[in-house]
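Here the structure is laid out as structure tokens; the discussion comes afterwards.
The values are calculated or read from the model by the stated rules, or taken from the named source; none is laboratory data. What you are looking at is a predicted structure, and each value in this text was computed from that prediction instead of being measured. Quick reminder, even Gly has a Cβ in these numbers, built from the backbone with ideal geometry, and neighbours come from all protein chains shown.
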Amino acid sequence: MPVENYGVWKAKPVRFTYETDADDHVSPHLSLFFTTSDNSRGEGRAAINIKSGDKSDSRLVFWLVKNFENFQNERLRELKPGFHQLEGTMEQAPNGLALDYIRGNLFHRETGRLLPHDVPGPDNDILDELIPVLDSAVDHDSVIYMFGSHFSNGNGIHNIHMNQGSPRKWKGDNGIYQDGGILLDFGDYWMGVFIGFASQAVHTDAEGQPTPARGYLSWNELLNPEIPGEQRQRRDVHDRTVTISEAMIRHHGSDPKTKSDSIVTLTNRADAPVILNGWSVRNHKGENEYLPDGAVLRRRRRQSFQLHNCALSDEGGTITLLNEQGLKVDDGPIWKSNHPRDYVRDPRNPGRVFRPGATHIRNPIGVPEPPSLRSLYQGRISRVTMVPHRYYPTGIHLPHFAANETPVLSLIAQFGFLWAAVLGIAFLIIRRVRPKASRADRLAFVWMCLTGFIHLFFESYFVVHHETLAGSQELFGQLWKEYSLSDSRYLTSDAFLVTMEAVTAFCWGPLAFFIAYCIAVQHPARHALQLLLSVGQVYGDVLYYATSLFDLYFRGESFCRPEGYYFWFYYFFFNFIWMVVGSYYVKQSVGEIYRACKKVQELDSSRKRN
């Protein structure tokens, strides 16, 4: 279950103590003492983790926001000193007081630092970061807001860290809108202190559990400075394909009180289009607006959208982009526009200024501006019609996609009939051509005929039609679309799959039929060719599994729908058959070749003795 007694405690910091590595190497804490009227001593304690309990990676993730601006700041100031329960209230939701590192706009995730507990040297561990902040808070008599779990004895608070996305034995504490943290009110400015664990997930589902469940992206993988910059950039693009390039207000006249347009510009940083069905934008007031149905963001392009029900404010704030699952994809500042001729400083890049009313993109990868962007400022918005689909990842673009017209059971029945016909014909042929063949040879002949049929006809259909497969209504096309629910790469012209299937169709297909012929006529080349074919099939399956599992565990990208049926029956079973049968025939052929070679060797030795 999620953490208990979650809330926020408003107080004044008094002093703090901390444990070094020499004091406690396993589970050290920083104890922050604060004023309270809830106990006789008049002093409460906040237990702040300064080392992770995960033995595989004990580092923390630390975010310090030195000028924390949030639309809830004034609401926090209205609270009375003491602990305020948030668990189970309306505040534990979007636009409430509860913190959520992933769904809220508390900080820019890229600014986080991975820090150990206590190591020699300056500015290189969590104590070096926390001590100056808390010293300043005590010296300036600031007001502190501590988010976490109330002690059962009422004298303090703990869990002042991220409380979602935890792996293994801590998953029971995961939940959303229950993250801990510290906000400091210095009167004329605020500071925010946020702490996570290196092994926690960057993305979580509606229950606060890591998503995907296997191979999720952790803070360590996202922020580790030891990972080469180019690799981290690729990982960031893969994880955050679409970003908010600009969120601005365009006034129609010189008077800022006149009618204005709220405009958000999105950038696709990937090399594939992204379908925006179900995506939405949320402003700092919590108002949501869905992007136009069928909107598609082309590869490495940007596009602007005019917001009608999610107005931006000249007072600034933040704006959030949510995907079809309601998860935050990106956030960005709303750039103030008091007058169309004023120059305003970019909050994310203080060294750069721009003029509102024109198009100014914060774009680190140099995406060129498409002509459709200019049409926006003439009152037109580019929209693309796209039929939704069921394939994963949900954002993939499938050109010419059309849903299958034939029911699944009918497709399976028709394909099963073809299999039965091939098996029946093959069985009749081997009985007629070689009536005294052993049962093993008969089964091998039938298997090779079925293998040749599938490779040469079914898989070659994919190779020939891979570019338009998503819209096909032919039997084989619909069958491939049904199978692609377990691996959508078949609908995106994946280079590896097209190459692998081409070799399978045009090399292994004819070879399988020739091996069947060799079995029928008892040709001596049978086992050499059977070994070649079977090794190729097993090797192809190994590569097939390996590439998809690599994407899942190292990139966090799943091409299979979440239902177990598609994974275990389509993806696993249908391919594992070839590995099992192929391995059997590898063993059989190796044994036959070994015995033949041994016999030749014995005959040769016998001749030499004679």
What do you reckon, is residue 264 among the β-branched types (Val, Ile, Thr), touching a residue at least 12 places away in the same chain (Cβ under 8 Å) and under 21 Å from residue 206 (Cβ atoms)?
no
With respect to residue 56, is the statement that it is of a type in the set (Gly, Ala, Ser), on the phi < 0 side of the Ramachandran plot, surrounded by fewer than 17 Cβ atoms within 10 Å (Cβ to Cβ) and not in a loop (DSSP other than H, G, I, E, B) true?
no
Please determine whether any residue of the range 528-536 is free of Cβ contacts under 8 Å to residues at least 24 places away in the same chain, part of a helix (DSSP H, G or I), touching a helix residue (DSSP H, G or I) at 6+ places or on another chain (Cβ under 6 Å) and buried (at least 16 other Cβ atoms within 10 Å of the Cβ).
yes
Give 512, 505 a once-over and let me know the one that is under 17 Å from residue 540 (Cβ atoms), assigned to a helix (DSSP H, G or I), in contact with an Asp or Glu (Cβ under 9 Å, 6 or more places away or on another chain) and in contact (Cβ under 8 Å) with a residue 40 or more places away in the chain.
505
So if I check each of 539, 553, 544, which one is loosely packed, with under 15 Cβ neighbours inside 10 Å, under 30 Å from residue 450 (Cβ atoms) and assigned by the TED database to the domain that holds residue 507?
539
Please find, within the range 559-592, the residue that is nearest to residue 486 (Cα to Cα) out of those that are of a type in the set (A, V, I, L, M) and touching a helix residue (DSSP H, G or I) at 6+ places or on another chain (Cβ under 6 Å).
579
Does residue 459 satisfy the criteria of being among the acidic types (Asp, Glu), touching a Gly at 6+ places or on another chain (Cβ under 9 Å) and either closer than 19 Å to residue 411 by Cβ or in contact (Cβ under 8 Å) with a residue 12 or more places away in the chain (or both)?
yes
The condition from (1) at pLDDT 85 or above; (2) touching a Ser or Thr at 6+ places or on another chain (Cβ under 8 Å); (3) closer than 24 Å to residue 111 by Cβ that residue 284 misses is numbered (1)
So how many residues does the range 130-150 have that are within 36 Å of the chain's Cα centre (by Cα) and surrounded by 19 or more Cβ atoms within 10 Å (Cβ to Cβ)?
9
Pull up the range 435-491, narrow it to residues that are charged (D, E, K, R) and within 22 Å of residue 569 (Cα to Cα), then point me to the one that is surrounded by the most Cβ atoms within 10 Å (Cβ to Cβ).
481
For residue 552, all conditions in the list (1) under 30 Å from residue 236 (Cα atoms); (2) out of contact with any Leu (no Cβ under 7 Å at 6 or more places or on another chain); (3) not in a helix (DSSP H, G or I) hold save one; what is the number of the exception?
(3)
A careful count of residues in the range 299-331 that are at pLDDT 80 or above and either in contact with a helix residue (DSSP H, G or I) (Cβ under 9 Å, 6 or more places away or on another chain) or small (Gly, Ala, Ser) (or both) gives 6
Considering residues of the range 72-121 that are of a type in the set (Val, Ile, Thr) and assigned to a loop (DSSP other than H, G, I, E, B) only, the residue surrounded by the most Cβ atoms within 10 Å (Cβ to Cβ):
102
Filter the range 580-604 down to the residues that are under 46 Å from the mean Cα position of the chain (by Cα) and farther than 14 Å from residue 532 by Cα and list them by number.
580
